[in-house]
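*Asks:* Pasting a structure below so you can have a look.
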Amino acid sequence: EDREAARAHAEACLAREDGAVVIEDYLDGPEVSLFCVSDGVTVIPLVPAQDFKRAHDGNEGPNTGGMGAYSPLPWLAEGVVEEVVTTVAKPTVDEMARRGTPFVGLLYCGLAMTSKGIRVVEFNVRFGDPETQAVLERLDSPLAELLFAAATGALDRIPAPRWSKDAAVTVVMASGGYPGPTDTGHEITGIDEAEALDGVHIIHAGTGTRIADDPADAAAGCCGFEPAEILINTGGRVLDVVGRGPDVAAARAKAYEGVALISFAGEHHRSDIATWPAGLDAKN
Ligand code: GLY
């Protein structure tokens, strides 16, 4: 955050045996993920989303794969998507083609909206998790049509993807210990109740099943003959609870209504997904 912190970090790096330091620009603005589908020539952007990478509220704690995401981004300036396509995604795809290695697939542009303009933090060549859960919730036209057109060089010949005006918010429920060594194997309850809520659905990530330990539960298996299987957490990020509503606040409320119904031992999640720092032009 400041020169002294940067200097202290650099000195700590250099103090190591064979220590080295990479000096990079400090990027002072919020991050945005923009996924672009490419057939090697044509680039079609999906809607932008924002990921919450730190483990704890207030962007504290260790970095994770992502603890939640939302879309749309009401504070994002008009024209940013077009600017990213024109100045970042399309030139990248054009250069790949020029080098004889055309890129066909999903170009994930990880961006920072800094006071000096848009900066690329990273590219990935895959969908992002958990941004995709919020982005695809808003896609009204078929995803397969878009992907098939990308795979067959036909992105310039299909209708533009259609997007819902609704907002979507994804909250990740993680295992105890995540992003470090995780505490797994615990029964997960409440998923059916959460799924029954209007505007809420659950996506499984780190789940599996095991036979119930308790003979009373086992006896409750199908038709009285099968031992009962119970749902357990098996990985770091366990469930994505996706909420949908007419604006971000409504979608966030739905997602957290779902989260409140689900539990497993050691579970943790952030309670500030889809809120944004003061100073951004939040309209929701
Ligand atoms: N959410 C960050 C990633 O998918 O890399």
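The values are calculated or read from the model by the stated rules, or taken from the named source; none is laboratory data. Source: prediction; values computed, not measured. For accessibility, only protein heavy atoms count, side chains too; no ligands or nucleic acids. Shrake-Rupley method; radii C 1.70, N 1.55, O 1.52, S 1.80 Å.
*Asks:* I need to check one value: relative contact order of region 1-125, counting alpha carbon pairs closer than 8 Å and at least 6 residues apart, in percent.
*Replies:* 28
*Asks:* Rounded to the nearest 500 deg cm²/dmol, what is the calculated helix-only ellipticity per residue at 222 nm for the chain, with -39500 (n - 2.57) per DSSP H run of length n ≥ 4? Display every interim value, and only then the final one.
*Replies:* On the way: 8 runs with 66 residues, N = 284.
Estimated from H runs of four or more residues: -6500 deg cm²/dmol.
*Asks:* Per 0.36 nm of contour for each residue apart, how much would the distance between residue 97 and residue 10 grow if the chain were fully extended, relative to their Cα-Cα spacing?
*Replies:* Full extension of this stretch gives 27.5 nm more.
*Asks:* Volume per residue, Å³, of the convex hull around the alpha-carbon atoms of the chain?
*Replies:* Cα-based convex hull of the chain, divided per residue, equals 185 Å³.
*Asks:* Further question on the same structure: In percent, what relative contact order does the chain have, based on Cα pairs under 8 Å that are 6 or more apart in sequence?
*Replies:* 20
*Asks:* Give me the 1.4 Å probe accessible area per residue for the chain, excluding ligands and nucleic acids, in Å².
*Replies:* Numbers: 14720 Å² over 284 residues.
Normalised by residue count, the accessible surface of the chain is 52 Å².
*Asks:* Follow-up question, since we're still on this one. Considering all projection directions equally, how large on average is the shadow of the alpha-carbon convex hull of region 1-115, in square nanometres?
*Replies:* The orientation-averaged projected area of the Cα hull of region 1-115 comes to 9.9 nm².
*Asks:* Moving on. For residue 165, list the aspartates and glutamates whose Cα falls under 16 Å from its own Cα; do not include residues on the same chain fewer than 8 positions away.
*Replies:* Qualifying aspartates and glutamates at Cα under 16 Å: 78, 137, 140, 247.
*Asks:* Now for a separate question. If I stretch the segment between residue 164 and residue 87 completely, what's the gain in nm (0.36 nm per residue apart, minus their alpha carbon distance), one decimal?
*Replies:* Full extension from residue 164 to residue 87 adds 25.1 nm.
*Asks:* Of all the accessible heavy-atom surface of region 1-97, with the other protein chains kept in place and a 1.4 Å probe, what percent is carbon and sulfur?
*Replies:* The C+S portion of the solvent-accessible surface of region 1-97 is 52 percent.
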